[in-house]
1. Name the residues in region 325-376 that are among the hydroxyl-bearing types (Ser, Thr, Tyr), outside any helix (DSSP H, G or I) and either within 27 Å of Val113 (Cβ to Cβ) or touching a residue at least 12 places away in the same chain (Cβ under 8 Å) (or both), would you?
2. Any residue in region 353-371 that is crowded, with 21+ Cβ neighbours inside 10 Å and under 18 Å from Glu39 (Cα atoms)?
3. May I ask you to verify whether Ala298 is modelled with pLDDT under 95, at negative phi and not assigned by TED's automatic domain parsing to the domain that holds Ala360?
4. Would you check if Gly62 is surrounded by fewer than 24 Cβ atoms within 10 Å (Cβ to Cβ) and not assigned by TED's automatic domain parsing to the domain that holds Trp139?
5. Just for region 302-323: of the residues that are surrounded by 14 or more Cβ atoms within 10 Å (Cβ to Cβ) and part of a loop (DSSP other than H, G, I, E, B), which one is farthest from the chain's Cα centre (by Cα)?
6. What residue, among those in region 114-125 that are within 19 Å of the chain's Cα centre (by Cα) and among the aliphatic types (A, V, I, L, M), is surrounded by the most Cβ atoms within 10 Å (Cβ to Cβ)?
7. Can you tell me which residues in region 126-167 are buried (at least 20 other Cβ atoms within 10 Å of the Cβ), in a helix (DSSP H, G or I), touching a Gly at 6+ places or on another chain (Cβ under 9 Å) and aromatic (Phe, Trp, Tyr)?
8. Here are the criteria: (1) assigned to a helix (DSSP H, G or I); (2) surrounded by fewer than 17 Cβ atoms within 10 Å (Cβ to Cβ). Tell me which single one Thr171 does not satisfy.
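The values are calculated or read from the model by the stated rules, or taken from the named source; none is laboratory data. Since this is a predicted model, take the numbers as computed values, not measurements. Don't worry about glycine lacking a Cβ; one is built from the backbone with ideal geometry, like all the others, and counts go over all protein chains shown.
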Amino acid sequence: MARTGPQKIPGASQAYFYGNGRYSGSDMEVNCGVVHTTEGMSLPSYSGGAIAPTVTGVPDIGAKKIRWYQHFDVDESARALANKVGGVQTNTNNAFQMELVGTCDPKTRDAWVRAGYKQNVDFIYWPEAPDWALAEVAWLVRWLNQNHGIPLTCVKDWLAYGKDSRRPGVTPASYGANPARMSFSQWNAFKGWCGHQHVPENDHGDPGSMDFACVIQLAKDTGQKDPGQSGGTTYTVKAGDTLTSIAKAHSTTVAELVALNGLKDPNHISVGQVLKLPGASKPAPPAPAPYTPPAFPAGLAPDKAKPSARGLQRALKAAGFMPKTVAEADNYGPQTQGAVARFHNAHPQCRAKGVSYDPAIGPQGWAALHRLAYGK
């Protein structure tokens with residue numbers, strides 16, 4: 001089966017692409033999408049690609065953007081679903097797989113908050129995702145519809161990864177043999193969007209009660225522009241937009257937009273409102289230079305006191321491996337060592353060979369950690 005249409009997602013990083021190595025998948029023609037949540041705060045290693053989805057969305061909450069990392073071509077089977085012997089095909093059954101960094105589990109959300117992290121500041125709890133995040137997901141859903149024909153429809157019931165009246169007495173309600181999980185025949189016939197909780201032969205219950213019906217509705221607004229586009233004659237306002245952000249994206253000014261559209265209040269625009277833009281397209285600003293991690297500091301090691309330990313601690317916090325409440329110190333002590341070990345467990349390619357617990361950061365891990373924490 002030949003791959004048709006564009007295979008690379010516009011703007012997606014290919015830094016962790018596994019489709020041309022030992023885990024490359026089978027050719028297919030996507031006609032459905034499956035949504036997962038990572039249950040973590042940073043880009044997973046996926047065991048070097050062995051259990052990777054098609055794409056991972058990493059929220060850049062400060063910028064109100066999702067940074068997409070593509071792992072396989074669009075029409076190439078991914079590896080994030082269980083596929084048992086003797087049943088139906090899952091990964092290879094024309095399924096595009098999207099992982100969203102964050103959690104759908106209320107217990108995980110509460111644990112992160114107790115550890116000092118803030119919802120919608122440090123992480124996203126997807127059942128209560130902010131409008132801008134749903135709009136970013138909707139952009140990819142729309143692109144896949146326009147370029148690969150995945151229908152702009154989704155299953156009706158998305159059970160909570162907690163208590164849910166549709167499955168009384170079972171918590172988490174969306175896990176295991178939940179009433180929303182498809183039969184083999186339903187899965188084979190399915191087209192549109194569903195969650196990990198709906199796929200047969202799988203037990204996982206993500207993405208919980210995420211409001212994917214809202215994502216579909218946002219995706220149906222064909223007037224919205226692709227991320228990064230500028231110029232044109234009209235623009236349809238999406239969730240999270242301000243007149244200032246629209247003016248900046250289209251190389252114009254708030255005053256020009258106000259005058260062109262006869263706006264009475266520049267602080268009040270509505271989702272779905274169509275704004276006129278200046279007729280002549282203007283060049284987009286140059287892309288920022290690739291992020292370069294700082295040099296690995298000499299002498300940085302467990303149980304040693306160096307000022308550079310503070311920079312390590314800041315990066316561990318920014319990447320989600322150390323609680324924000326831990327005070328910075330020159331000492332590379334047990335808390336820092338434990339956080340480094342958690343980073344190594346998530347990214348074993350940076351861990352020392354032959355060990356399962358590695359609290360010592362090296363040059364490779366230092367660079368990878370800083371790219372996760374600060375790279376755009």
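1. Going through region 325-376, the residues among the hydroxyl-bearing types (Ser, Thr, Tyr) turn out to be 325, 332, 336, 356-357, 374.
Remaining after also requiring outside any helix (DSSP H, G or I): 325, 332, 356-357.
Within region 325-376, Thr325, Tyr332, Tyr357 meet the criteria.
2. Scanning region 353-371, I find no residue that is crowded, with 21+ Cβ neighbours inside 10 Å and under 18 Å from Glu39 (Cα atoms), so the answer is no.
3. On the way: modelled with pLDDT under 95: yes; at negative phi: yes; not assigned by TED's automatic domain parsing to the domain that holds Ala360: yes.
Yes: the conditions hold for Ala298.
4. Numbers: surrounded by fewer than 24 Cβ atoms within 10 Å (Cβ to Cβ): yes; not assigned by TED's automatic domain parsing to the domain that holds Trp139: no.
In short, no.
5. Step by step, filter region 302-323, then rank; the result is Lys306.
6. Kept after step one, since they are within 19 Å of the chain's Cα centre (by Cα), are these residues of region 114-125: 117-125.
Add one more test, that the residue is among the aliphatic types (A, V, I, L, M), and what stays is 121, 124.
Working: Val121: 10, Ile124: 24.
If we take residues in region 114-125 being within 19 Å of the chain's Cα centre (by Cα) and among the aliphatic types (A, V, I, L, M), then Ile124 is surrounded by the most Cβ atoms within 10 Å (Cβ to Cβ).
7. Trp126
8. Among (1) assigned to a helix (DSSP H, G or I); (2) surrounded by fewer than 17 Cβ atoms within 10 Å (Cβ to Cβ), the lone unmet condition for Thr171 is (1).
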